[in-house]
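The values are calculated or read from the model by the stated rules, or taken from the named source; none is laboratory data. What you see is a predicted model, and the numbers here were worked out from it, not measured in a lab. Please note: Cβ atoms are built from the backbone with ideal geometry, for glycine as well, and neighbour counts cover all protein chains shown. Surface areas here come from the heavy atoms of the whole protein model, side chains and all, with no ligands, DNA or RNA. Shrake-Rupley method; radii C 1.70, N 1.55, O 1.52, S 1.80 Å.
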Amino acid sequence: MEKHAYQQSFDEIIKDLNSDIENGLSHDEAQKRLSSYGKNQLEETKKRPLILRFFDQINDFMIYVLIAASILSFVTDEPSEGILILMIVLLNALLGLFQEAKAEKALESIKAMSSPQAKVLRDGQEKLIDVKLLTIGDIVILDAGDYVPADVRIIESINLKTDESPLTGEAVPVEKTVDPINEKDVALGDRTNLGFMGTVVTYGRGKAVVIHTAMQTELGKIATMLSETKSEDTPLQKSMAKLGKTLALLALAITFIIFAITIIEAYAIDGSASFEDWKEALLTSVALAVAAIPEGLPAIITIVLALGMQNLVKKNAIIRTLPAVETLGSTSIICSDKTGTLTQNLMTVTKVFVENKSIDINEKTKTSDALDKLALYGSLCNDTKVSIQENEYVKIGDPTEIAFIDLAITLDKKPIDMIDDNERIYELPFDSDRKMMTTVHDFKDGRYAVIKGAPDVIFSRSTSIYHQEKFDIKPYEKANQNMSNNALRVLAVAFKKIDKSKTLKNLTSDDLETDLTLLGLVGMIDPARPEAKDAIMLCNRAGIKTIMITGDHINTAVAIATDLNILSKGELAITGKDLDQMSDEEFFEKLENIRVYARVSPENKVRIVDAWKKANKVVAMTGDGVNDAPSIKKADIGISMGITGTEVAKGAADMVLTDDNFATIVNAVGEGRTIFANIKKAIHFLLSCNIGEIVTIFLGTTIGILIFSGRVTTLTAVQILWVNLVTDSLMAIALGLEPKEENIMDQQPRDTQKSIFADGLGMRIGLQGLMLGLISFAAYIIGWFLEPSAIREVKMITAQTMTFIVLALSQLAHAFNVRSELYSIFKLKRNKFIFYALGASVTLQLLVVFIPFTRDVFGITSLPYSYWLIIIGLVLLPVLIMESIKFIKNRK
């Protein structure tokens with residue numbers, strides 16, 4: 001079996017790649033390989049043309065019905081209706097175009113991470129070349145601050161460390177080695193002799209040979225996964241698509257029935273159907289098609305989601321795609337990254353062991369001589385750059401070393417003064433062989449070497465313990481074990497007095513790092529965010545399961561997960577390697593019980609998200625690194641960190657957290673639930689109103705012939721369009737802004753497999769629509785018979801005017817009924833927007849009725865003031881009926 005690059009010695013890999021450590025590739029050989037392997041750049045995906053993306057937006061059954069209705073309007077000499085319908089179609093298509101191109105943005109972000117130039121050896125000389133011209137076998141020179149330009153095998157490391165957090169999720173920079181790793185299936189984060197494209201050299205220097213370029217790199221594999229991951233419809237989009245198809249089929253069925261009835265009536269009354277009869281039948285059919293479809297619904301949902309989006313921005317969550325606002329409310333699984341989301345992304349000293357005592361570190365910790373010395377020595381044997389800006393400490397350096405500076409600050413010490421007053425006069429930098437770092441300082445009582453490093457190494461070199469007469473290392477070994485078992489990273493601090501007569505530059509490790517006096521142990525961890533525990537409790541209450549997915553070690557992940565109550569007794573924590581060894585069947589069987597995944601690869605993350613989606617769960621996935629991008633995009637709701645997140649992760653995400661806080665996700669879920677509840681209210685309102693319109697027209701067409709001794713038109717298409725798009729729409733938007741219900745996070749997540757009309761909503765919409773239709777048709781009957789001596793045309797226009805007014809205003813009154821199925825409108829929280837919408841809608845409706853020009857456009861007439869008393873009575877009837885029903889329900 002062929003060895004992986006990390007399993008080979010650097011001599012083997014140089015030989016396999018036919019390269020040269022001293023001279024690198026020749027110019028001719030590099031050109032030949034470049035022709036063979038291609039340029040070192042990520043492939044671009046072809047962008048879909050704008051015109052095709054536009055047609056994607058109108059590729060919907062409900063839109064086709066509207067277009068057909070507009071064509072019929074033009075055919076029957078009603079161009080104003082046709083133009084209005086086409087404008088609605090165009091508006092919705094344009095709105096949809098703004099929600100495109102997530103994959104392109106993510107890939108462009110990945111491309112931007114590639115270093116533009118690289119230092120290589122060519123023909124024995126060090127050269128700076130365009131990173132695209134790098135090829136397999138090139139010898140690359142790496143220095144602190146450089147991006148790693150391709151996937152490389154390290155062949156020389158002088159304290160070389162790289163930040164691989166964007167790729168693996170591990171917070172601490174990885175120390176690079178040159179030795180082969182004699183293990184199989186080593187996790188990406190543990191391949192310490194490899195460097196990866198897009199990661200950054202944080203410390204030291206080294207040399208490496210290029211083993212993979214372009215799409216063959218780990219970054220390239222993620223780019224491939226990202227381009228192959230297709231965006232899926234959100235639960236709301238699926239519900240709306242199903243609703244659209246249902247309404248469109250219903251509209252076609254009703255239109256056909258009414259058209260047939262109208263023509264049959266013509267033959268029954270006149271013995272034939274004239275051109276005017278056919279035209280009237282078509283006009284009635286268009287009116288019904290318009291009545292059956294809530295044309296304003298897509299725009300209303302867009303507006304409600306956009307307003308919800310603005311509200312979430314104020315709460316530290318930026319939503320990048322509109323449907324994602326509602327998807328949040330359906331979330332049943334949150335797969336969360338550990339570092340920075342559930343934790344503070346800040347290595348913090350939480351425990352020290354000095355003078356045979358374990359001490360918890362916090363702002364109330366009492367200092368002692370040994371503890372003060374530990375804070376001093378930890379700050380001195382340290383390469384962190386510390387300054388003060390705007391009365392705040394600014395610390396730049398390795399997270400572990402920054403933790404020592406923070407320890408001094410917590411103990412109310414002044415690290416800048418300590419460093420300035422005790423100048424470093426000599427040092428032995430940290431290296432992976434010694435596993436220690438040593439600095440030399442002159443104190444008042446003499447010259448001392450200060451040493452920090454791995455506990456087992458310092459234990460073996462210590463011969464005494466501070467403030468302890470007898471040398472007994474066992475309590476310290478036990479303390480080290482206990483801290484490690486609790487997932488703390490442990491370092492030991494020691495010191496040694498040095499003879500001032502010795503020349504500094506001649507001092508060696510044997511002079512400085514033997515016969516040490518052990519001072520103490522320091523245990524540190526990236527601690528859990530305090531607010532995360534409360535947020536997870538709220539998730540549990542809301543029926544949302546939190547899953548921790550991290551690139552960190554399993555012990556650390558388990559400790560944090562246990563502290564946050566993510567992991568309970570009987571639940572599992574596994575590694576990416578364990579997951580790779582599971583079949584799909586075995587994984588699916590254990591899925592519900594696995595709460596922690598550690599040392600995972602990007603492919604593992606996608607597999608986890610995919611498994612939960614196959615279990616019919618709505619999955620939210622958080623992350624900040626390049627490695628998170630495919631799973632973020634695969635999830636129903638992808639969430640990226642705004643502070644620590646890479647541009648790649650942000651480009652793939654639906655939501656970006658500006659405070660990188662898990663609690664913000666949970667708050668956003670509550671907002672999402674409220675938005676969906678309000679959208680349901682808007683749909684309830686609009687559809688019951690539309691059914692009312694259908695009932696009104698249907699009754700006029702069918703039994704109207706018996707009541708009025710001939711065919712009548714109760715409502716025209718333009719009147720219905722006005723009600724649907726102007727008066728109804730404002731009230732529907734106001735319903736979309738209803739205040740958050742107090743118990744919204746005590747409910748279980750919405751079952752996305754259920755119809756939007758489940759739990760009796762469909763029945764309520766139908767019955768309430770029937771109520772509105774009967775009231776409106778009653779207005780037509782009353783209007784017809786109020787003037788018994790008038791000619792038929794006058795009766796018809798009077799009756800139609802009363803129907804138009806009663807239909808519009810009774811629907812406005814009905815909006816108040818929809819606010820709650822159970823509680824009286826007089827007991828609900830105040831929603832100022834519904835009163836603004838009511839005022840605007842009533843004003844618009846009255847302007848249409850009282851202005852002569854608009855009366856002519858809508859085909860209505862002025863009414864005597866006495867008629868308005870009847871209209872007001874009919875308009876308030878829906879509220880009276882629904883309040884009576886609620887009263888009876890509550891009494892029961």
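Conditions tested, residue by residue: (1) at pLDDT below 90; (2) small (Gly, Ala, Ser).
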residue	(1), (2)
147	yes, no
155	no, no
163	yes, no
204	yes, yes
Restricting to segment 192-208, name every residue that is among the hydroxyl-bearing types (Ser, Thr, Tyr) and open to solvent by 10 Å² or more (accessible area, probe 1.4 Å). 192, 202, 203
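Residues checked against (1) of a type in the set (Gly, Ala, Ser); (2) under 32 Å from the mean Cα position of the chain (by Cα); (3) closer than 22 Å to residue 297 by Cβ:
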{"position": "735", "(1), (2), (3)": "no, yes, yes"}
{"position": "747", "(1), (2), (3)": "no, yes, no"}
{"position": "769", "(1), (2), (3)": "yes, no, yes"}
{"position": "776", "(1), (2), (3)": "yes, no, yes"}
{"position": "789", "(1), (2), (3)": "yes, no, no"}
{"position": "796", "(1), (2), (3)": "no, no, no"}
{"position": "806", "(1), (2), (3)": "no, no, no"}
{"position": "818", "(1), (2), (3)": "no, yes, yes"}
{"position": "826", "(1), (2), (3)": "no, no, no"}
Filtering segment 547-603 down to residues that are buried (at least 17 other Cβ atoms within 10 Å of the Cβ) and of a type in the set (Lys, Arg), which residue is farthest from residue 183 (Cα to Cα)? 595
Taking the stated definitions as given, is residue 491 open to solvent by less than 40 Å² (accessible area, probe 1.4 Å) and within 18 Å of residue 350 (Cα to Cα)? yes
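May I ask you to say which residue of 633, 613 is surrounded by fewer than 19 Cβ atoms within 10 Å (Cβ to Cβ) and either at negative phi or touching a Gly at 6+ places or on another chain (Cβ under 9 Å) (or both)?
Values: 633 fails: surrounded by fewer than 19 Cβ atoms within 10 Å (Cβ to Cβ).
When all the criteria are applied, what remains is 613.
When segment 850-871 is examined, which residues are found to be open to solvent by 90 Å² or more (accessible area, probe 1.4 Å) and among the hydrophobic types (A, V, I, L, M, F, W, C)? Can you show your working first?
Just the residues of segment 850-871 that are open to solvent by 90 Å² or more (accessible area, probe 1.4 Å), to begin with: 850, 853, 856, 865, 869.
Selection gives 850, 853, 869.
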Among the candidates 551, 523, which residue alone is in contact with a helix residue (DSSP H, G or I) (Cβ under 6 Å, 6 or more places away or on another chain) and either polar (S, T, N, Q) or closer than 30 Å to residue 631 by Cβ (or both)? 551
Does residue 850 count as more than 19 Å from residue 719 (Cα to Cα) and either modelled with pLDDT of 90 or more or touching a strand residue (DSSP E or B) at 6+ places or on another chain (Cβ under 9 Å) (or both)? no
Here the qualifying pairs (Cβ atoms under 7 Å; residues six or more apart or on different chains; first in segment 819-846 and open to solvent by 50 Å² or more (accessible area, probe 1.4 Å); second among the hydrophobic types (A, V, I, L, M, F, W, C) and outside any helix (DSSP H, G or I)) come out as 833/737
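Being among the polar types (S, T, N, Q) and open to solvent by less than 10 Å² (accessible area, probe 1.4 Å) narrows it down to one residue among 644, 658, 696; which is it? Outline the logic, then answer.
Details: 644 fails: open to solvent by less than 10 Å² (accessible area, probe 1.4 Å); 658 fails: open to solvent by less than 10 Å² (accessible area, probe 1.4 Å).
The unique qualifying residue is 696.
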Of all residues in segment 123-136 being over 40 Å from the mean Cα position of the chain (by Cα) and closer than 18 Å to residue 206 by Cβ, which is surrounded by the most Cβ atoms within 10 Å (Cβ to Cβ)? 127
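Give, as residue ranges, the strands (runs of 3 or more DSSP E) completely inside segment 287-368 that count at least 2 residues that are under 30 Å from residue 616 (Cβ atoms) and touching a residue at least 60 places away in the same chain (Cβ under 8 Å). Talk me through it step by step, then tell me what you get.
Values: elements: 317-319, 333-337, 348-354, 357-360.
So the answer is 317-319, 333-337.
Against the definition (within 24 Å of residue 745 (Cα to Cα), touching a residue at least 24 places away in the same chain (Cβ under 8 Å), out of contact with any Leu (no Cβ under 9 Å at 6 or more places or on another chain) and part of a helix (DSSP H, G or I)), how does residue 538 come out, yes or no?
Yes.
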Taking only segment 838-863 into account, find how many residues are farther than 18 Å from residue 721 by Cα, outside any helix (DSSP H, G or I) and among the hydrophobic types (A, V, I, L, M, F, W, C). 2
Can you find, within segment 390-404, the residue that is least open to solvent (accessible area, probe 1.4 Å) among those that are free of Cβ contacts under 8 Å to residues at least 40 places away in the same chain, of a type outside the set (Gly, Ala, Ser) and under 25 Å from residue 339 (Cβ atoms)? 401
From the residues in segment 166-184 that are assigned to a loop (DSSP other than H, G, I, E, B) and at pLDDT below 80, which one is farthest from residue 397 (Cα to Cα)? 169
Identify the single condition in (1) assigned to a helix (DSSP H, G or I); (2) of a type outside the set (Phe, Trp, Tyr); (3) modelled with pLDDT of 95 or more that residue 420 does not satisfy, given that it satisfies every other one. (3)
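Go through the residues of segment 579-597 one by one and say whether even a single one is at positive phi and not charged (D, E, K, R).
Start the filter on segment 579-597 by keeping residues that are at positive phi, which leaves none.
No: segment 579-597 contains no residue that is at positive phi and not charged (D, E, K, R).
Take residue 307 and tell me if it is open to solvent by 10 Å² or more (accessible area, probe 1.4 Å), under 30 Å from residue 494 (Cβ atoms) and not charged (D, E, K, R). Before you say what the answer is, go through the steps one by one.
Details: open to solvent by 10 Å² or more (accessible area, probe 1.4 Å): yes; under 30 Å from residue 494 (Cβ atoms): no; not charged (D, E, K, R): yes.
No; evaluated as a whole, the condition is false for this residue.
Do we have any residue at all in segment 127-148 that's without any contact (Cβ under 8 Å) to a residue 12 or more places away in the chain and assigned to a strand (DSSP E or B)?
Going through segment 127-148, the residues without any contact (Cβ under 8 Å) to a residue 12 or more places away in the chain turn out to be 127-128.
From what's left, assigned to a strand (DSSP E or B): 127-128.
For segment 127-148, residues without any contact (Cβ under 8 Å) to a residue 12 or more places away in the chain and assigned to a strand (DSSP E or B): present.
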So residue 607 fits all but one of (1) open to solvent by less than 10 Å² (accessible area, probe 1.4 Å); (2) closer than 21 Å to residue 168 by Cα; (3) modelled with pLDDT of 90 or more; what number is the exception? (1)
